[in-house]
Amino acid sequence: MSMSVSPSTQPDTPPKNFGASARFPTLGNSSPVSAVGETLTISRWSDPLVDRLGHDPRSRYVELFWLPILGPSTVLFLRHCVTLLEEATTDGEVELDLSITAARLGLGHKGGRNSPLVRTVLRATRFGAARPAGARALQVRRFLAPLNRGQVERLPLILRTLHQRAVSAQPGVDEFTKARARRLALGLIQCGDMHDSAEAQLSQWQVPSIVAAEAVRWAWEIHLSGSAVGNDAA
């Protein structure tokens with residue numbers, strides 16, 4: 001997993017328009033981890049619009065453009081949760097052992113609201129990437145929405161330029177290119193590449209970044225479902 005972009009200093013405030021249906025509560029002093037014990041139950045936060053238009057937390061888009069906003073520890077936490085939820089075998093819920101999770105992510109956790117892991121979870125909720133679902137439960141987004149204009153304007157100039165290129169590359173792409181990208185992505189995933197490495201490889205093959213992200217997302221879903229390749233890849 002490459003995390004090559006260093007986070008810039010950003011105001012610690014949530015975006016005004018995270019997604020059309022992204023409405024989350026003001027946390028105040030209550031949160032799923034404000035007085036949490038040793039475990040936290042996570043589940044998927046379903047949002048049809050953001051799930052359709054958004055980006056996997058393990059995608060290059062999130063690594064490049066959400067990372068400076070959320071911070072590296074929060075992006076790693078979201079990636080970790082999404083992977084665990086994909087692997088879940090019972091009711092789509094996963095019980096996180098916070099001490100083990102903190103150790104796996106390289107974060108401190110001695111309990112209390114000022115624990116680095118707790119601050120990471122609170123930041124995920126503050127920016128609408130997760131939301132409380134009970135005293136010791138958290139719903140996590142499977143996909144993060146595209147950045148809104150205000151968020152893009154707060155990025156460093158080089159990332160604003162890359163974001164503009166990524167967004168403008170999509171409309172002119174023909175169906176043959178999209179289908180070819182899907183076939184390449186599926187081959188990479190089936191050969192053992194993870195989400196982020198497959199997307200990086202497609203980019204090296206000059207596949208436009210937004211097309212690469214969509215292709216890897218499609219291939220990953222095919223891989224997880226065990227389905228045969230359908231007409232969409234033809």
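Annotations
- Matching residues, the range 132-150, being surrounded by 19 or more Cβ atoms within 10 Å (Cβ to Cβ) and over 14 Å from the mean Cα position of the chain (by Cα): P132, L138
- Residue pairs meeting the criteria (Cβ under 9 Å; at least 6 apart or on separate chains; first touching a residue at least 12 places away in the same chain (Cβ under 8 Å) and open to solvent by 10 Å² or more (accessible area, probe 1.4 Å), in the range 64-84; second among the hydroxyl-bearing types (S, T, Y) and in a helix (DSSP H, G or I)): L64/S209; G71/T120; S73/T120; L76/T120; H80/T101
- Selection of the range 33-72 for residues being outside any strand (DSSP E or B), more than 18 Å from A215 (Cα to Cα) and touching a Pro at 6+ places or on another chain (Cβ under 7 Å) yields L67, P68, G71, P72.
- Only residues that are surrounded by fewer than 21 Cβ atoms within 10 Å (Cβ to Cβ), under 18 Å from L159 (Cα atoms) and aliphatic (A, V, I, L, M) were counted in the range 201-222, giving 1.
The values are calculated or read from the model by the stated rules, or taken from the named source; none is laboratory data. Small disclaimer: the values here were computed from a predicted structure and weren't measured. So basically every Cβ, Gly included, is an ideal-geometry build from the backbone, and we count neighbours across all protein chains shown. The accessibility values were calculated without ligands, DNA or RNA, using every heavy atom of the protein model including side chains. Shrake-Rupley method; radii C 1.70, N 1.55, O 1.52, S 1.80 Å.
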